[in-house]
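So the structure is just underneath, and the comments pick up after that.
What follows is calculated from the coordinates using simple rules that are stated; it is not laboratory data. What you are looking at is a predicted structure, and each value in this text was computed from that prediction instead of being measured. Cβ atoms come from the backbone with ideal geometry, glycine included; neighbour counts cover every protein chain shown.
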Amino acid sequence: MIQPTPYYLADPNVFISNSERLTQVIKAYYSNYNLSYSFKTNYYDGFLRTAKAIGLLAEVVSVHEYELAKSCGFTEKDIIWNGVLPSEVKLSVIENGGIVNVDNFTELYNLMEVWFENHHEPLPIGLRFEIPQLTNGKSRFGFHESDFDEFGSIINANKINVRCVHSHTSNARDLGSFKQRIEYMVNLARMFNSKIVDIGGNMYGPMHPDFARQYDSSIPSLEDYGMVIGKKMKELVPNEDIILVTENGTALVGNAMDLVAKVIKRNDTKGAVRFTLNCNCYDVGFSCNHKNPVIETSSDSSDVENAVIYGCTCLERDIIHRCFSGKMDVGDIVTIKNVGAYSLNVSNNFISPVPYIVNK
Ligand SMILES: Cc1ncc(COP(=O)(O)O)c(C=O)c1O
């Protein structure tokens, strides 16, 4: 039977393999390590349940994601809750052994107020920090060094126990920045007497060579990241008395999902070839914002050069690929490779519904 298009093709075994590759290498150097899956990257329950089955933690940022985690069998102890949305549920996650990382004083003081209605011991909390060397002090997320004095007074008054120091920096995927993350965060852990260092995500995952070629620098492998992170942790914490956590999304799911679609229109004008697919740029997700996703065709259609491939909405800017060369014509079924990260989760019902999912 020919499957109706468009649909996502998901492969949880790739998710498992990526998780194992990263974990094995980090643990070879530093065994006190926990990998968490960043839910916001892809909500497909085949991935969420796999994450639970292979013992990952769940990194969530909202009640919606918390409930998804619970429905897939994660308990409070498996939860790391980041994100700016306040919620009372966070308190019960803390009470039941989960980690809640806050990044502003308003939320911290609110949680402290409710906590002390029923508890006498300090509030066990995680704090998110900005790493100024990586952000030039321009991130809108996390506490800053200028906040340290205020923490001093709260801690001296026995109001909080900093269980975890957390940071997630985007747009810093090179190996050197992971050394910097660890140096900065281990220092903070010592300063706040914290037993968990959570360095967030932002690693590249395995990707098709034609996609990798579009980056200016070479793409580190999961083993490269694992080695740099594990070695640096071991160097700075030789007795391993600090738990290291990473929160990976892209690195685990990027190549674990493809999108299968159909070519529905061809338009040859002024020497340019334009195709339209029956999916759209939101279904493809972030990977087509600044790069051209790899599109595989298995047709014997004739070759085209530098064609532009559009999505099926009414937007001129609904562009999936800016310079496709290869075999393509109307009626062909194409596979857009490695669209697992920020695709399904940012797809919407504008003009055409979110594609359904087929498990490989
Ligand atoms: C706090 C936090 N952790 C983890 C991630 C996952 O990042 P990535 O998909 O780059 O692994 C994100 C993504 O935005 C994030 O905001």
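Could you tell me, in Å, what Rg and Dmax come out for the Cα atoms of segment 243-304?
16.4, 61
Helix check for the chain. Which DSSP H runs span at least 18 Å along their own axis by Cα, with a mean Kyte-Doolittle hydropathy no less than -1.0?
12-29, 105-118, 175-192, 222-236
Do the alpha carbons of any pairs in Lys291/Lys360; Lys77/Lys179; Lys40/Lys360 sit beyond 24 Å of each other, and which pairs?
Check vs 24 Å cut-off fails for Lys291/Lys360; Lys77/Lys179.
Could you tell me which of Gly55, Gly98, Ser347 has its Cα farthest along the dipole of the chain towards the positive end, charges placed at Cβ (Lys, Arg +1; Asp, Glu -1), taken about the Cα centre?
Farthest towards the positive pole: Ser347.
Dipole of segment 69-203, Cα-centred, from +1 at each Lys and Arg C-beta and -1 at each Asp and Glu C-beta, to the nearest 20 debye?
Dipole magnitude for segment 69-203 comes out near 500 debye.
Just order 165-175, 248-258, 279-289, 85-95 by mean Cβ neighbour count inside 10 Å, highest at the front, would you?
So the order, starting with the most tightly packed, is 248-258, 279-289, 165-175, 85-95.
Check the straight Cα-Cα distances from Lys52 and name the aspartates and glutamates below 13 Å, setting aside those fewer than 8 residues away within the same chain.
Partners within reach: Glu76, Asp78.
For segment 194-273 and segment 308-360, what is the centre-to-centre distance using only Cα atoms, to the nearest Å?
21 Å
Could you order the peptides 123-129, 263-269 from most to least packed, using the average number of other C-beta atoms within 10 Å per residue?
Top of the packing list down: 123-129, 263-269.
I need the shape label for segment 70-213. Rule: rounded when a/c is under 1.5, else prolate if a/b > b/c, else oblate, with a, b, c from the alpha carbon gyration tensor.
The shape class here is oblate.
Where nothing but the Cβ of Lys and Arg (+1) and of Asp and Glu (-1) is charged, how large is the charge dipole of the chain around its Cα centre, in debye to the nearest 20?
Computed charge dipole of the chain: roughly 620 debye.
Take every DSSP beta bridge whose two residues both sit in the chain, then give the antiparallel share in percent to the nearest 5.
40 percent
Which log10 I(q)/I(0) values does segment 204-348 give at q = 0.08, 0.13, 0.14, 0.17 Å⁻¹ under the Debye formula, counting every alpha carbon as one identical point scatterer?
-0.30, -0.63, -0.70, -0.93
Counting only C-alpha contacts under 8 Å and six or more residues apart, can you give the relative contact order of segment 207-360 as a whole percent?
Relative contact order for segment 207-360 comes out at 28 percent.
Cα centroid distance between segment 19-92 and segment 145-170, in Å?
Cα centroid to Cα centroid, the span is 23 Å.
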